[in-house]
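Below you'll find the structure, written out as structure tokens, and then a few comments.
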Amino acid sequence: MTELDARLGKLLDGRKEKNRFRSFKEYDTTSDSGLVDFSSNDYLSLTSSKALRKAYIERLASTPSIFGSTGSRLLSGCTPSHSLLEKRFSEFFNAPSSLLFNSGWDANVSFFSSVPQPNDWIIYDELVHASVHSGLRSSRIPLERRISFSHNDPLSLEDKLKIITNQASSSSSSKKQEKSTVFLALESLYSMDGDFSPLPKLLDILDKYISRNRQCVILDEAHSTGVYGKQGRGITHALAEEGGFELDSNKRKRGKGRVDVRLMTFGKAVGCSGAVLLCSPTVRSFLINFARPLIFSTALPHSTIIALECVWDVLQSEEGDQRRRSLMSLSTHIHNSLDKLLSKVPHTILHLPPDPIIPFPDLSDRDTDILPSKPGSPILGLLTPTPHALSAFLLSKGFIVRPVVPPTVPPGGERVRICLRAGMRYGIIDKLVAALGDWADLKMAEKDQEVRAKL
Ligand SMILES: Cc1ncc(COP(=O)(O)O)c(C=O)c1O
């Protein structure tokens, strides 16, 4: 064993001792395996759509270039099909311009490492994705100007904004401060708790402290792309249609929330890979000049561009609406079933985080498809102190439900993460809930025995 292997081995042993060791687990999720996958982000079940597969294969067969793009977008990788897809996305999402990336990770790292400048501020929800942190680590914003606020907590955001404004008013270089931008990084639907950002509330608070021309709000819609809004255009788009939000940062309407940059990713409900950043033409041009993951990496292959075209044909059809409706209905079903089950189970064994805050305007009088008054979430984070044991128990019953432990979630936030897919049957969800009930019974019996043993 080399010195390096020995040292790395020790570090890995440390992880194992803390129960944080990661390794790949391969599961056969074909229908013959008997396993049902509750860990996949394929929220609309598009990866198993026979019609989509057929359309994709047909389109591949009739397209001359189907392999790699052969270079970065700045070299040979800028083809008409890449540009046409960006045009389609700008129109679909009603965005001033759009820029493709090889992944959501690349898009976040690109944006946060290059766009914020040394005199700017960044405030982010404490639960934003690791890619935002990685981007910020290589950004030029000093550490003391990167501030997190408590998850989805408007009061905490307000406290942090007060810090910024107080510092600005006491600073000697007030001219520079006047020009500095305050970036606010949020997700529309958080991937671990499955809860929505109270977006209108947060943006109202931002407006209270920072003038509109000094704001830059970035919303990561990785988990809402394809799932919410008209034909899956996302939550910001839905808020623009129903709640007076503004999608173009150059139109600064007062009194309405504004999102400057949106990240839509293709690895989850869209069933492919890659991402598109929706932003102003200037931000787009800046990224093309300074974003290293974009400049120094081969652009998305033609096969992916073709797949995305085919997926968007589905999203923009009645089938897309049916898939979204089915997902929402399954979400309501599992929430109702779990509420019933968990009302009888002690918190210490199994519980759900508090009911997600619904960020949308009150539409109780008109429940539209575009923006349901109480949208369901396809993600449930079921908190338990022993997620590995629960995951193994569920696997023995035929369900793939993955444990999530620190550092992915904060200590005390250990959980199993349940993800729904539009193609699931109600019966399979009932079976999963029954298995969770069996686990809770076992744990309650164990606790009972412990108490008796002490008597
Ligand atoms: C909120 C969020 N943003 C960004 C990403 C990265 O996206 P991708 O998988 O396309 O790299 C993820 C993926 O897990 C995510 O959950």
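Accessible area per residue of the stretch 1-134 at 1.4 Å probe, in Å²?
Computed with neighbouring chains in place, this is 58 Å² per residue.
A simple rule links phi to the HN-Hα coupling: the Karplus curve 6.51 cos²θ - 1.76 cosθ + 1.60 with θ = phi - 60°, which for the stretch 314-323 gives 6, 4, 8, 10, 4, 4, x, 4, 5, 5 Hz, with x for Gly and Pro.
The charge dipole of the chain, taken about the Cα centre with unit charges on the Cβ atoms of Lys, Arg (+1) and Asp, Glu (-1), comes to about 920 debye, rounded to the nearest 20.
The distance between label points at Phe296 and Ala389 comes to 4.7 nm (points 7 Å beyond Cα on the Cα→Cβ vector). Take the Cβ atoms of Arg15 and Ala130, set R0 to 22 Å, and the FRET efficiency comes out at 0.85. Using 0.36 nm per residue and subtracting the Cα-Cα separation, the extra length available between Asn336 and Leu60 on full extension is 95.1 nm.
When both bridge partners sit in the chain, DSSP labels roughly 50% of those beta bridges antiparallel. Here the stretch 55-315 exposes an accessible surface that is 53 percent carbon and sulfur, computed with a 1.4 Å probe and the other protein chains kept in place. Listed cross-link partners Lys16/Lys397; Lys50/Lys443; Lys208/Lys344; Lys18/Lys443; Lys18/Lys454; Lys340/Lys447 are compared with a 32 Å cut-off, the Cα-Cα value being larger for Lys50/Lys443; Lys208/Lys344. What does the helix-only formula give at 222 nm for the chain: each DSSP H stretch with n ≥ 4 adding -39500 (n - 2.57), the total divided by the residues, and the result rounded to the nearest 500 deg cm²/dmol? Helices in the chain give a 222 nm mean residue ellipticity of -13500 deg cm²/dmol. Other residues with beta-carbon under 9 Å from the beta-carbon of Ser131 carry, at +1 per Lys or Arg and -1 per Asp or Glu, a net charge of -2.
In this structure, the amide hydrogen of Ser224, modeled 1.01 Å from its nitrogen in the peptide plane, lies closer than 5 angstrom to those of Leu189, counting only residues at least 5 positions away or on a different chain. In the chain, the sites counted are GluC sites (Glu not before Pro) in DSSP loop states with at most 15 other Cβ atoms within 10 Å, and the longest stretch holding none of them, exclusive of the sites, is 127-455.
For Lys87 and Lys208, a Förster radius of 45 Å and the Cβ-Cβ distance give a FRET efficiency of 0.75, rounded to the nearest 0.05. Looking at the stretch 239-352, the accessible area is 42 square angstrom per residue; that uses a 1.4 Å probe and ignores ligands, DNA and RNA. The aspartates and glutamates within cross-link reach of Lys431, meaning a Cα-to-Cα straight distance under 17 Å and a gap of 8 or more places when in the same chain, are Asp37, Asp339, Asp441. First measure r as the distance between the Cβ atoms of Leu75 and Thr30, then evaluate 1/(1 + (r/R0)^6) with R0 = 51 Å and state the FRET efficiency to the nearest 0.05. E(calc), rounded to 0.05, equals 0.80.
Taking 0.36 nm per residue of separation and subtracting the Cα-Cα distance, full extension of the segment from Met444 to Asp5 would add 153.7 nm.
The values are calculated or read from the model by the stated rules, or taken from the named source; none is laboratory data. Since the model is a prediction, treat every value here as computed from it, not as a measurement. A quick note on method: Cβ atoms are made from the backbone with ideal geometry, for glycine too, and the neighbour counts reach across all protein chains shown. Heads up: the accessible areas ignore ligands, DNA and RNA and are worked out on the full protein's heavy atoms, side chains in. Shrake-Rupley method; radii C 1.70, N 1.55, O 1.52, S 1.80 Å.
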